[in-house]
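The structure appears right after this line, and notes come after that.
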Amino acid sequence: MRTLGEQPAAGSLDSVRRADVVPRPGAATRTTADAHPGPVDLPAADVPWSEALQGRTVVVKCGGSTLDDPALRRSFAQDVVELWQAGLHPVVVHGGGPQISSMLDRLALEVRFEAGMRVTTPEAMDVVRMVLTGQVQRDLVGAINAHGPFAVGMSGEDAHTLTAERRPAWVDGRPVDIGLVGDIVDVAPDTVRNLLAGGRIPVVSPVARGADGQVYNVNADLAASALAVALGADRLVMLTDVPGLYADWPRSTEVIPELTAGELESLLPGLAGGMLPKMEGCLRAVRSGVGRVHVLDGRTPHAVLRGVLTEENPGTTVLPDEAADGTRTSSRAAAPAVAPHEEETPA
């Protein structure tokens, strides 16, 4: 990865000429040696310009309230476009658990959970593909493209971008069958890279193929983590429906503002439900080269923009072990239980 001040090589992502964007009232145009000139209309006037992130890839996973609430979806879409305009390369990975559950209910198909994960039958898998790529993804792509011709939707199945194998699950020390739920074992990021090189914003559904030809439902948090690693992303942002990782839930609502990979690893055995795969994905990402992971409250408007560009948005930041300065003390007396309202589905 090039350093600040170096000119981008021909054909690199940083050399891509971005599409013309009509500035909105009050938009500011900023140009640096590393940045693509273009209008930047930040919703929060106090959000600073970040030269350090010019040309860097940021993977953002959204789900829950962000997808359900039209106002939050519009705010999220604007944040993603603002990051693009500011010279970053955003990639969106989305969930859709509540939407899948709603469709299963409408179709009178059984919904059952084991080990905090949806049991995905072949019939349910058909619904998962239909809802994720035919409804949720279309809504997100449409919200982003309301600002210009930026977003392109794709599934992990496309061009074998995500390959998965059947994921085992355990309850009280015994294996349980959760059906067609997969764990990612390989990522082929070239299609996503080509979209970024073409000036687009990829929006990826967490459905993956298996080497056996079977199609699997993949947890969106783990899909975002694996894709961030494969792309060499500088940041991974996980939006959730809680303020962050609680230090001692349910006895306290104090949120852990920052912790290292090692500290997070020690907490994982005490996590449950939807927070477990989310923090598992965070740990995998920072242990595999992603610069840092932000776990942010997606119910807060413009959480992504503030979290990425200011790092002051309330939430939890996970850093690599080598980022510890040796002076920060840790008060993790008790591992947090599942956070309230956290989604507990593969998608």
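Spin-label pair VAL171-LEU107: with each label point 7 Å from Cα along the Cα-Cβ axis, the two points sit 2.3 nm from one another. Values of log10 I(q)/I(0) for region 77-184 across q = 0.21 Å⁻¹ run -1.14, by the Debye formula with one identical scatterer at each alpha carbon and no solvent. Once backbone amide H atoms are built at 1.01 Å from N, GLY179 has THR120 as its partners under 5 Å, excluding neighbours fewer than 5 places away on the same chain.
For region 104-173, the share of accessible area belonging to carbon and sulfur comes to 50 percent (1.4 Å probe, ligands and nucleic acids excluded). Suppose the Debye formula is applied to equal point scatterers at every Cα of region 211-287; what is log10 I(q)/I(0) at q = 0.18, 0.21 Å⁻¹? With one equal scatterer per Cα and no solvent, log10 I(q)/I(0) is -0.79, -1.02. Taking one quarter of the surface of the convex hull spanned by the alpha-carbon atoms of region 130-198 gives a direction-averaged projected area of 6.3 nm². Using the Cα coordinates of region 146-282, the gyration tensor eigenvalues translate into equivalent-ellipsoid semi-axes of 28, 22, 12 Å, sorted from longest to shortest. The spacing between region 86-128 and region 153-225, judged by their C-alpha centroids, is 13 Å.
The values are calculated or read from the model by the stated rules, or taken from the named source; none is laboratory data. Everything quoted here is computed from the prediction, not taken from an experiment. Virtual Cβ from ideal backbone geometry, glycine too; neighbours counted across all protein chains shown. What goes into the accessible areas is simple: the full protein's heavy atoms, side chains included, and nothing from ligands, DNA or RNA. Shrake-Rupley method; radii C 1.70, N 1.55, O 1.52, S 1.80 Å.
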